[in-house]
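A.B. asks: Structure below; questions to follow.
The values are calculated or read from the model by the stated rules, or taken from the named source; none is laboratory data. What you are looking at is a predicted structure, and each value in this text was computed from that prediction instead of being measured. Cβ: placed from backbone, ideal geometry, glycine included. Neighbour counts: every protein chain shown. Surface areas here come from the heavy atoms of the whole protein model, side chains and all, with no ligands, DNA or RNA. Shrake-Rupley method; radii C 1.70, N 1.55, O 1.52, S 1.80 Å.
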Amino acid sequence: MSGTGDGGGARDRDDEGRARNARPRDGLGRPMPYGTQGVRRQPEGVVRAPELTVVEAQELLDAGKPFHAHEVFEDAWKSGPETERGLWRALAQVAVGLTHAARGNLTGGVRLLRRGAGNVEEWARETGSARPYGMDLDGVVRWARALAAEVEATGVVVDAGARAPVLRG
């Protein structure tokens, strides 16, 4: 990788010049100072079978790492068939919504939870598929909307692991 990687101003880049932030991150994906110990990052650009995407994302969500689950969904969104990209993108939005709600960005969390829920619902309606890869999309939509309403009403930061959605119900 090029760039200094030491926070000296240059951005981390891969061999093709694409930005790759090598800074360590905490469990919610927040950048930490160079040289500190962060949590293991999800490798980018991994092509997984859809079933493995669901399993890996659920494990990360249950561990309180929705930012990292978003990266798994993003890989599926970018590498999967065109017909499924909207599903994976919407699930990534839901995971980022939970990330923001857990980081204290409540307005952003509510917006992304609702946007993701709407996009999951739209994908299911347009494809006629409510249970792709065993996922309960109706349950995910209900969860995201209920959490958004709760966060909006209470203004309370959520515990991401304790409030993780169940993808397969």
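A.B. asks: Measure off 7 Å from each Cα along the Cα-to-Cβ vector at Val47 and Asp26, then give the distance between these two points in nanometres to one decimal.
C.D. replies: 3.7 nm
A.B. asks: Using +1 at the Cβ of each Lys and Arg and -1 at the Cβ of each Asp and Glu in the range 38-129, identify which of Gly104, Trp123, Gly86 lies farthest towards the dipole's positive end.
C.D. replies: Gly104
A.B. asks: At a 1.4 Å probe radius, carbon and sulfur cover how many percent of the accessible area of the range 58-97?
C.D. replies: 50 percent
A.B. asks: Under the definition of Cα pairs under 8 Å and six or more residues apart, what whole-number percent is the relative contact order of the range 64-158?
C.D. replies: Normalised by residue count, the contact order of the range 64-158 is 26 percent.
A.B. asks: If the chain between Asp62 and Ala162 were fully stretched, how many nm would it gain, using 0.36 nm times the residue separation less the Cα-Cα distance?
C.D. replies: Full-extension gain reported as 35.3 nm.
A.B. asks: When the dipole is taken about the Cα centre of the range 27-169, and only Lys, Arg (+1) and Asp, Glu (-1) are charged at their Cβ, what size is it in debye, to the nearest 20?
C.D. replies: The calculated dipole for the range 27-169 is roughly 320 debye.
A.B. asks: Shifting gears a bit: Multiplying the sequence separation of Thr83 and Glu152 by 0.36 nm and subtracting their Cα-Cα distance, what value in nm do you get?
C.D. replies: 21.6 nm
A.B. asks: Right, something else. Probe of 1.4 angstrom, ligands and nucleic acids ignored: what's the accessible area per residue over the range 74-169, in square angstrom?
C.D. replies: On a per-residue basis, the range 74-169 sits at 47 Å².
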